[in-house]
1. Along the charge dipole of the chain, which of Met316, Gly272, Val256 sits closest to the positive end, that is, farthest toward it, with unit charges on the beta carbon of Lys, Arg, Asp and Glu (+1, +1, -1, -1)?
2. Across the Cα atoms of the stretch 185-292, what radius of gyration and what greatest pairwise Cα-Cα distance (Dmax) are found, in Å?
3. Would you work out which of Asn62, Ala140, Asn194 lies farthest towards the positive end of the dipole of the chain? Charges go on Cβ: Lys and Arg +1, Asp and Glu -1.
4. Starting from the amide H of Gly48, placed 1.01 Å from N in the peptide plane, find each other amide H under 5 Å away whose residue is 5 or more places distant or on another chain.
5. With the crude spin-label approximation of a point 7 Å out along Cα→Cβ, what separation in nm comes out for Asp185 versus Ser287?
6. Applying a 10 Å radius around every beta-carbon, put 60-70, 91-101, 254-264 in order of their mean neighbour count, most first.
7. How would you rank Phe52, Phe71, going from fewest to most other Cβ atoms within 10 Å of each one's own Cβ?
8. Specify the inter-centroid distance of the stretch 12-65 and the stretch 309-328, based on alpha-carbon positions, in whole Å.
Amino acid sequence: MKEVPVPEELKDDEVLIKVKYASICGTDLHIYQWNEWAQNRIKTPQIGGHEFSGEVVRVGKNVKLVKEGDFVSAETHIPCTRCKMCRTGNMHICLNMEILGVDRDGIFAEYAKVPEVVLWKNDPTLPEYMASVQEPLGNAVFTVTSGDVSGKSVLITGAGPIGVMTVQVAKALGAGPIIVSEVKDFRLDLAKKNGADYLVNPAKEDAYAKIMEITHHEGVDCVLEMSGNESAFNLGMKAVIPGGHISILGLFDKNVSLDINAGIFKNITMYGITGRKMFETWYKLSSLLNTKKIDLDKIITDVIPFEDWQIGFDKMEEGKCGKVVLKI
């Protein structure tokens, strides 16, 4: 941590934010660990972080969406607004995408510059610390709503913070039973507290046999892959019912080996999930929060001072936490 100047120069479409809370993402952890992806992507020196809530303190001359004093969060994916994907309602997969805190300075700071196009005005009744985790909640909402889960059995592979959010979202949208597969006991307990109907630990039991028993030997209607683990992915491929669907949010460290023919003969549908639909997903997650269908206090396990950031990253590495939020 070091002292840096407060950003002074704003482009006409930029906003200066006084950051109030910032939560730690798995991507931030990869950068902290300086893995191969981070080494190839991040150009140092750079401020990290992208999940936040804060107050608008200054706006560029062309900004119309927000004004000084507004309570905001933001989309992480910064679109160009000009390419084919942006012009066809798909800004979340812009051909010229930049990512906040990855391709430009982020929000692990007292002040941050953010382009107007990604800003989201928060409901003033939403607690500031909760507002900082809407971006990852959006991942969960996008993953669950990529297919119909109402009245359907769901297997969630991986119970990291977003996987646990997915439990609540799936339950709020009428899914059941909800089965969570995870190898870490802390995360299994957290999934149970967040509404999972059944827990499976592949390291200690025959996960496939238990899933088939729960589903009367039919298989699950939907698989939500949140782990980025090859064995978990293959468990989902094996356990999904013919005609079912798999949504994949987890990122894998390397190419995976899977029985694609099994998927073909099962006539499954597979969705790749990146980010959130801008801003369709944000309206959905906002509705879930405002109507109390989602309780983020069950997911946020730690709110710590910004200067204790090391503690937060250590907890993330150990996997003994839900969502970790820094108070700036």
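Every number in this text was worked out from the coordinates using simple rules, so none of it is lab data. What you see is a predicted model, and the numbers here were worked out from it, not measured in a lab. When we count neighbours, we look across all protein chains shown, and the Cβ atoms used for this are built from the backbone with ideal geometry, even at glycine.
1. In the chain, that residue is Gly272.
2. Final numbers for Rg and Dmax: 15.5, 43 Å.
3. Toward the positive end, the furthest listed residue is Asn62.
4. Amide H neighbours of Gly48, under 5 Å, 5+ apart: Gly106, Phe108.
5. 4.1 nm
6. Taking the mean over residues of other Cβ atoms within 10 Å, the ranking is 91-101, 60-70, 254-264.
7. In increasing order of surrounding Cβ atoms, one gets Phe71, Phe52.
8. Result: 17 Å between the Cα centres.
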